[in-house]
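The values are calculated or read from the model by the stated rules, or taken from the named source; none is laboratory data. Just so it is clear, the model here is predicted, and its values are computed rather than measured. Ideal geometry is used to build each Cβ from the backbone, glycine not excepted, and the neighbour counts take in all protein chains shown. To get the accessible areas, we keep the full protein, side chains included, count just its heavy atoms, and leave off ligands, DNA and RNA. Shrake-Rupley method; radii C 1.70, N 1.55, O 1.52, S 1.80 Å.
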Amino acid sequence: MVISYWMAGANPRFDIFLASTLCCLLSVMAGESIGLLIGAVVMDFEKAMVIMVVFSLTLMVAGGYYVSNIPSFLTWIKYLSPFNYAYNASSQLVFDRPVPCDGSGVLAVYCGEDDSNGYVSPDQVLSFLGITGTVAFNAGCLIVIFILPRYLAFLALKRKKGAERS
């Protein structure tokens, strides 16, 4: 993260770098919590690995990394995905200032016909990317996804251990 963030040239402010790193760390810890929950519920290692791969790929797809237009009956899955909240928070942090029109045509809707001059406002970029919520809301959701599965894993292990005592 230290090297790739600065190589990408996203936002040169050091506080934004620290906040983006924190979002990445929260996302990793939330993913670990989900893995811990699945591992606690499914005690067979091979079955747990298969379930975790399917579950994590589903959350990645629903989080918006691979597919931007998912079917409407599956849109609720994105609210379970830590990838969605980390992406939203990081995008809001990085795009906190006007973005120059670079001539690539990606933001042609906002840059106009001559898309090599001018700037696009941060709100327009976030609207174009479909970013929702505030940074605090998304970080809060990551914290909830970090804590709740760990508690549920504790309850699952406690129940299994209690069954062994009887």
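Here LEU22 fits the description: closer than 28 Å to ALA153 by Cβ and out of contact with any Ser or Thr (no Cβ under 8 Å at 6 or more places or on another chain).
In segment 46-83, which residues are assigned to a loop (DSSP other than H, G, I, E, B) and either open to solvent by 50 Å² or more (accessible area, probe 1.4 Å) or of a type in the set (A, V, I, L, M, F, W, C) (or both)? Lay out the reasoning, then the answer.
At the first step, the residues of segment 46-83 found to be assigned to a loop (DSSP other than H, G, I, E, B) are 63-71, 81.
Once the filter is applied, which keeps residues that are assigned to a loop (DSSP other than H, G, I, E, B) and either open to solvent by 50 Å² or more (accessible area, probe 1.4 Å) or of a type in the set (A, V, I, L, M, F, W, C) (or both), segment 46-83 yields TYR65, TYR66, VAL67, SER68, ASN69, ILE70, PRO71.
Give the residues of segment 84-115 that are open to solvent by less than 70 Å² (accessible area, probe 1.4 Å), more than 22 Å from PRO12 (Cα to Cα) and free of Cβ contacts under 8 Å to residues at least 60 places away in the same chain, sorted by residue number. Result: ASN84, GLY105, ALA108, CYS111, GLY112, ASP115. Any chance segment 28-38 includes a residue that's open to solvent by less than 60 Å² (accessible area, probe 1.4 Å), more than 17 Å from PHE146 (Cα to Cα) and of a type in the set (S, T, N, Q)? So far as segment 28-38 goes, no, none of its residues is open to solvent by less than 60 Å² (accessible area, probe 1.4 Å), more than 17 Å from PHE146 (Cα to Cα) and of a type in the set (S, T, N, Q).
I'm checking my understanding of the structure. Among residues of segment 125-166 that are within 30 Å of PRO98 (Cα to Cα) and not in a helix (DSSP H, G or I), which one is modelled with the highest pLDDT? Filtering segment 125-166 for residues that are within 30 Å of PRO98 (Cα to Cα) and not in a helix (DSSP H, G or I), the one modelled with the highest pLDDT comes out as THR134.
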